[in-house]
Amino acid sequence: MCHSIQPALYPGGEHVPAMKRKRSSEMALTESRKRASQRTSQSEIMLCPLIRILQQYGLLASIASWLFPEDLLALALTSKAIHQAISPRPCSLENLLGKLSCPGKGIQIRQKHHKKSMFFYAYDCSEYVQCGSTSDIVESRPCVSCKVTTCNECRIHCVYQSNYEAPSDLDELPSFSGFVLLTPREVPILSPQHLAAFDSQSSGPPWQNPSKGLNGPYHDQGFIDVPFDDNTFGPPEFVEDILNLDLGQHSLGVSISSNVPAPSPVLKAFHQITEQRKRQFCDACLPPTLAKRREGSQYMLCHCSLRKHFLDRWLCLRCYEMEEIAISKAYPAHIERCGCAQNSSDRVVCLWCSGVVPESKDEADVPDLDSDASTVGSSP
């Protein structure tokens, strides 16, 4: 026989209301977190296929080869999980940057700095400035500074050949021109065949239109002449001799002829950038970087060259600009003399290598940039 439970009664016969059990705040918070965790788990399950692909380096490298740096950045910022998959270790991102396509920023920088002369428009000239990201012929490497893939057209060149003028007669040679580093003035660039002193056998194959031939453009080669908009005189200079000159032993600012200004108008742009690297310090004010460049009691000497500093280092134009800005702002009180203004002998320091540049006044230090036929050839 079942007995029903009778509700409790207050004295006097009144019913006692049933008590409802309330959930604690801790229990409510726990359930809320559980529901949020379930939603997160579902989202992660939806992203898992993409994350699993990106976690496989071979597939990630293949995908990256079709991307530009901006694309990789946008992908990495999509979520923390994708960012972790792309860059699980600090060195992973650096390796991946070398797999990307060249972004073409160097071409944009050149177009901002390089200014064509009036002769480009007066004659039937053409310009060849093109990023090599889509070409199998143009070499690409990671920049030594930012590690981003940079093609040969978007890195720094000491002499950048970009302009071409077809010959007007069959017995004439084509004309070439370009720019020194990122300076704005257009300069004539002579091929070895332009100088009558060199025969065809020693000067190599004739230069062709860079947009049609497989051998051009002809960067860091040939001879450079006075800029088109310069009315002064200076003999043509062999580019390879300029690039290989030991700047710790010689200066580009010394003229070898009394009728040529010093520096020569041909070498003026090079002279300016090589002088910007110099700072003067007395022994008491030498920076710590120089103190480390000692061999016993002797300071290390500078043996920099334009080739070593610019061409042997695969440097993109963005990093080149940043380096030049950093050098221009370094030790501004030590450009003309040591900033302490003491009457002690100053040492000239190269900011490229932190070595000492012996400033000799001897005429033996005058560089000989004249070349004979046996030295003519293409730069590697």
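The values are calculated or read from the model by the stated rules, or taken from the named source; none is laboratory data. Predicted, not measured: the structure shown is a model, and the values here were computed from it. Cβ placement follows ideal geometry from the backbone for every residue including glycine, while neighbour counts extend to all protein chains displayed.
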So if I check each of 246, 229, which one is farther than 28 Å from residue 127 by Cβ and modelled with pLDDT of 90 or more? 246
Inside segment 94-122, can you point out the residues that are within 18 Å of residue 151 (Cβ to Cβ) and among the small types (Gly, Ala, Ser)? 98, 101, 104, 106
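Listed residues 125, 91, 131; which is over 30 Å from residue 231 (Cβ atoms) and assigned by TED's automatic domain parsing to the domain that holds residue 168? Walk me through how you get there before you give the answer.
Values: 125 fails: over 30 Å from residue 231 (Cβ atoms); 91 fails: assigned by TED's automatic domain parsing to the domain that holds residue 168.
Within the list 125, 91, 131, the selection yields 131.
Let's see how each residue does on (1) within 22 Å of residue 244 (Cα to Cα); (2) under 15 Å from the mean Cα position of the chain (by Cα):
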site	(1), (2)
142	no, yes
145	no, yes
149	no, yes
158	yes, yes
168	no, no
174	no, no
182	yes, yes
187	yes, no
What tally of residues in segment 131-150 results from selecting those that are touching a residue at least 60 places away in the same chain (Cβ under 8 Å) and within 20 Å of residue 176 (Cβ to Cβ)? 1
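Return the total of residues in segment 276-298 being surrounded by 10 or more Cβ atoms within 10 Å (Cβ to Cβ) and modelled with pLDDT under 75. Walk me through how you get there before you give the answer.
Just the residues of segment 276-298 that are surrounded by 10 or more Cβ atoms within 10 Å (Cβ to Cβ), to begin with: 276-283, 285-287, 289-291, 293-294.
Imposing the further condition that a residue be modelled with pLDDT under 75 reduces the set to 289-291, 293-294.
Here the count works out to 5.
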Can you name the number of the only condition in (1) at pLDDT 90 or above; (2) touching a strand residue (DSSP E or B) at 6+ places or on another chain (Cβ under 8 Å) that residue 132 fails? (1)
Among the residues of segment 111-137, the number that are in contact with a helix residue (DSSP H, G or I) (Cβ under 7 Å, 6 or more places away or on another chain) and over 26 Å from residue 62 (Cβ atoms) is 1
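Test residue 175 against the criterion of being at pLDDT 90 or above and among the small types (Gly, Ala, Ser), and give yes or no. It would help to see each step written out before you state the result.
Values: at pLDDT 90 or above: yes; among the small types (Gly, Ala, Ser): yes.
Yes: the conditions hold for residue 175.
Within segment 94-107, is there a residue that is without any contact (Cβ under 8 Å) to a residue 12 or more places away in the chain and out of contact with any Lys or Arg (no Cβ under 9 Å at 6 or more places or on another chain)? Break it down stepwise before answering.
Keep residues of segment 94-107 that are without any contact (Cβ under 8 Å) to a residue 12 or more places away in the chain, which gives 95.
Then drop every residue that is not out of contact with any Lys or Arg (no Cβ under 9 Å at 6 or more places or on another chain), which leaves none.
Within segment 94-107, none of the residues are without any contact (Cβ under 8 Å) to a residue 12 or more places away in the chain and out of contact with any Lys or Arg (no Cβ under 9 Å at 6 or more places or on another chain).
Out of curiosity, is residue 140 modelled with pLDDT of 90 or more, in contact with a Ser or Thr (Cβ under 8 Å, 6 or more places away or on another chain), within 26 Å of residue 57 (Cβ to Cβ) and surrounded by 14 or more Cβ atoms within 10 Å (Cβ to Cβ)?
Numbers: modelled with pLDDT of 90 or more: yes; in contact with a Ser or Thr (Cβ under 8 Å, 6 or more places away or on another chain): yes; within 26 Å of residue 57 (Cβ to Cβ): yes; surrounded by 14 or more Cβ atoms within 10 Å (Cβ to Cβ): yes.
Taking the combined requirement at face value, the residue satisfies it.
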